[in-house]
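Since every read-out is calculated from the coordinates, none of them should be taken as a lab result. Nothing here was measured: the structure is a model prediction, and the numbers come from that model. Counting neighbours? That spans all protein chains shown, and the Cβs are built from the backbone with ideal geometry, glycine included.
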Amino acid sequence: MMLFYQKKPIINLFRENEQPQQERPKVFVAVAHITSVEESNNPEKGAAKIERLAHTIDGLWTSFAHCNLSISIQTLPNRHVTAYLPEYQTKCVQVPEYPECDPRFVEFRLQEEFVEKVE
């Protein structure tokens, strides 16, 4: 009889089988991606870069599946192959295009966007 009274509070405690909800960590990933104009206009010439970018995005989603992931592809106008990605990937990434500049300086914009996201 005593065992019955000891089990009842434990059964009531886990009756609804609810686990406490933990907030998922937020992860912001910025990828610098620049191709030649010929590769961005012709998917056959840019096939290797399209495949590499697609694998990168899939790898990020796999690695950070437990997080709220936000992916930003930093690029220049007419210098990227994001239009040729599969539809499920184009829906998941943001592609802000900034005015034309030297491609070597694109990664500095990544730092600025990261600071904006943190604030």
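Here are the numbers:
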read-out	value
Charge tally in the Cβ shell below 13 Å around E51, where Lys, Arg are +1 and Asp, Glu are -1, E51 excluded	0
Distance (nanometres) between label positions extended 7 Å along Cα→Cβ at Y98 and E44	3.5 nm
Computed label-point distance, nm, for sites N78 and E113 using a 7 Å Cα→Cβ extension	2.1 nm
Euclidean distance between Cα centres, the stretch 80-102 to the stretch 21-39, Å	10 Å
